Amino acid sequence: MADIIGFYSVAGSQGKRTISSTFAKLLVENNHKVLYVELDANRPSLTYSTQITHALRNTLAFFKNVAETGKYQLDKFVLSKDDLLEDTEDRGLAKLYKDLPDKLDYLVFPSDYKPTDFPTLISQDKEKEAQKIIQKLIFTLQESKYEYIIVNLPTELESMFGYEMIANSKYVVNVITANATRLHEYKEIRTFLDSNIKELDQKWHNVMNMTTQEIGDSEYQNLIKGSHDTVIVPFDPDRQANELSLKIGSEQIQFHLESLAVAVHASIMRSDYEGGKRKKFFGR
């Protein structure tokens, strides 16, 4: 059964897509089969940053099929590396696709997607219908061929894929920066979630993103009350160059996310900080 790990942020520009896609890459490099799912229907971004896109195999087509048939046919719409290579005649893109991990598949929005394109899935009783859709989606993802499902969640809790996905994911990773406004918003949202989702602490993890060396890790951890195991990810000066080259993640960010992998009980080989060599095994 696949573990579903939802990545959430209270607002945009916190690095949710970068952190979630880098974490997916970390898992596949440790021999796990992973599906990256984009459910942030108002702000999809992976396609634009990587050129991973397909006209027929995508999130939009998957949910249009759900709306039309009521069937959750995941395999029909998931995009693999082989699909990307078969579909492109662009030599530049083919070269980029060849470098993609073999065990990482995608269910992301197509390049021409607009939020108004998303199908109507709920008609009358919004809460009950949303719960039913999420339950079927969760079951489909859990029973898939993957070990981990990395889900890029919307920032809006009221979205159909917001609160319900947080409540039903095995783990939730909150990505946030050291911004006073974002921290205040986070505390309000976390208070609401704690009052509505039992034992939320057991599956909740924080990533403090784009930190600076001028401030110690303990100071950053104290910014999120009660979260002394927050993963600290320093600002990566090479990230922009990687993104402009249409690469997934960054080595520096990936190194810091190894502790997150251990926290969600994924089997990985830890990297030697000085030499960058794999040296220690953590069992799942």
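Here are a few things to note about the model shown:
- The chain - percent of accessible surface contributed by carbon and sulfur, probe 1.4 Å: 47 percent
- ³J(HN,Hα), Karplus 6.51/-1.76/1.60, whole Hz, each residue of region 72-81, x for Gly, Pro: 9, 8, 4, 4, 5, 10, 6, 10, 9, 4
- A DSSP coil position with no more than 10 other Cβ atoms inside 10 Å describes the following GluC sites (Glu not before Pro) in region 51-101: Glu89.
- The residues of the chain expose, per residue, 51 Å² of accessible area to a 1.4 Å probe.
- Taking amide H atoms as placed 1.01 Å from N in the peptide plane, the amide H of Ile268 lies under 5 Å from those of Phe282, each 5 or more residues away in sequence or on another chain.
- Distance from the Cα centroid of region 192-217 to that of region 66-118 is 31 Å (rounded to whole angstrom).
- Amide H contacts of Trp204: Val172, each under 5 Å away and 5 or more positions distant or on a separate chain (H built 1.01 Å from N in the peptide plane; Pro and chain starts excluded).
- Between amide H atoms placed 1.01 Å from N, distances below 5 Å from Thr211 occur with Val233, Phe235, all of them 5 or more places distant or on a separate chain.
- Estimated 222 nm signal from helices in the chain, with DSSP H stretches of n ≥ 4 weighted -39500 (n - 2.57), rounded to 500: -11000 deg cm²/dmol
- Of the trypsin sites (Lys or Arg not before Pro) in region 148-225, those whose Cβ has at most 14 other Cβ within 10 Å and which sit in DSSP loop: Lys198, Lys225
- 3J(HN,Hα) from dihedral phi, region 116-121, Karplus parametrisation 6.51/-1.76/1.60, rounded to Hz, x for glycine, proline: 5, 6, 5, x, 7, 9
- For the chain, built as a Gaussian network whose Cα springs stay under 10 Å, the top-fluctuating residue of Gln73, Gln202, Gln131: Gln202
- Expressed per residue, the C-alpha convex hull volume of the chain stands at 136 Å³.
- Protection proxy ranking of 12-18, 90-96 - average other beta-carbon atoms within 10 Å, highest first: 12-18, 90-96
The values are calculated or read from the model by the stated rules, or taken from the named source; none is laboratory data. Predicted model only: the values in this text are computed from it and were never measured. Virtual Cβ from ideal backbone geometry, glycine too; neighbours counted across all protein chains shown. These accessible areas exclude ligands, DNA and RNA; they are computed on the full protein's heavy atoms, side chains included. Shrake-Rupley method; radii C 1.70, N 1.55, O 1.52, S 1.80 Å.
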